[in-house]
1. To the nearest 10 square angstrom, what accessible area does HIS134 show with a 1.4 Å probe?
2. Taking the dipole about the Cα centre of the chain, with the C-beta of Lys and Arg at +1 and of Asp and Glu at -1, give me whichever of PHE208, ALA148, ALA158 is farthest to the positive side.
3. Between GLU161 and GLU19, 0.36 nm times their residue separation minus their Cα-Cα distance comes to what?
4. At 0.36 nm per residue, minus the direct Cα-Cα distance, what do ARG205 and ASP182 gain on full extension? Give it in nm, one decimal, please.
5. Find how many whole Å separate the alpha carbon centroid of region 65-83 from the alpha carbon centroid of region 104-158.
6. How much space per residue, in cubic angstrom, does the convex hull of the C-alpha atoms of the chain take up?
7. Could you compute how much accessible surface ARG122 exposes when probed at 1.4 Å, giving the result in Å² to the nearest 10?
8. Sort ARG175, ARG86 by heavy-atom solvent-accessible area, probe 1.4 angstrom, most to least.
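The values are calculated or read from the model by the stated rules, or taken from the named source; none is laboratory data. Keep in mind that what you see is a predicted model, and the values were worked out from it rather than measured. Cβ placement follows ideal geometry from the backbone for every residue including glycine, while neighbour counts extend to all protein chains displayed. Note: areas computed on protein heavy atoms with side chains; ligands, DNA, RNA excluded. Shrake-Rupley method; radii C 1.70, N 1.55, O 1.52, S 1.80 Å.
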Amino acid sequence: MAARALTGAYQRDRHRLVERLQASGIEDLAILHAFASVPRHRFVPEAVRHRAYADAALPIGHGQTISRPGVHALHLAFCELGGDERVLEIGTGSGFQTALLSLLAGEVYSIERIPELAESARRALGEAGVDGVHLTIGDGSGGWPEAAPFDVILIGAAAPEPPAHLYPQLTPGGRLLAPVGDPEHQELVCVRAREGSFDVETIDRARFVPLIGERGW
Ligand code: SAH
């Protein structure tokens, strides 16, 4: 009974979150539908579950954070997903964005360097009924060359500089989104693979945990 009451409360909170995202300018119906479908409360630790649908970043353990829903929504909007894309996510973290991507893209690959987070993400994805995503544990700073090319590469942690070594893993027309900078000053950068060149556009200021690894910090 209590569990059912809680599920109802989460549904209401989730509905309000979708309304807030819409009011903030997110117009893509597929993105809004994904937020309405994915149970964010299953992807955050018990201690912060009551804040799962606030537009807030939350701690997920091991010094890492799940981004604000508004940030995920903005990043997904820049990915321009039509449903068929092959996507690489670097930094699975909680697995929440992985779940959103599974609804918005064709094939999702995701790498996480902290084994405990990768395992709890795998569990949460299973509980949320998401299957078919390719999860692996390791340093994703060099991408996933064996599974490349990707139409979209999303980096969830801040790289020291625009990761040009990943551009060859993009399809023609592909998009890469990455926070770039040190822990205090970061910018969200969107790279587009054009014929023979790459356009790099700065979108916004950003604040992410560092990308740690061979091609990170
Ligand atoms: N989108 C995720 C972001 C989590 S925070 C979410 O909302 O939950 C970023 C994640 O990137 C952390 O879990 C961190 O451990 C991971 N990370 C940092 N450097 C990495 C690397 N080189 N390879 C793979 N994952 C990395």
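1. In the full protein context, HIS134 sits at about 60 Å².
2. Value: PHE208.
3. Full extension from GLU161 to GLU19 adds 47.6 nm.
4. Details: separation 23, 0.36 × 23 = 8.28 nm, distance 1.19 nm.
In short, 7.1 nm is gained.
5. Taking the Cα centre of region 65-83 as reference, the centre of region 104-158 is 15 Å away.
6. In the chain, the Cα convex hull volume per residue is 113 Å³.
7. The accessible area of ARG122 comes to roughly 110 Å².
8. Ranked list, largest accessible area first: ARG86, ARG175.
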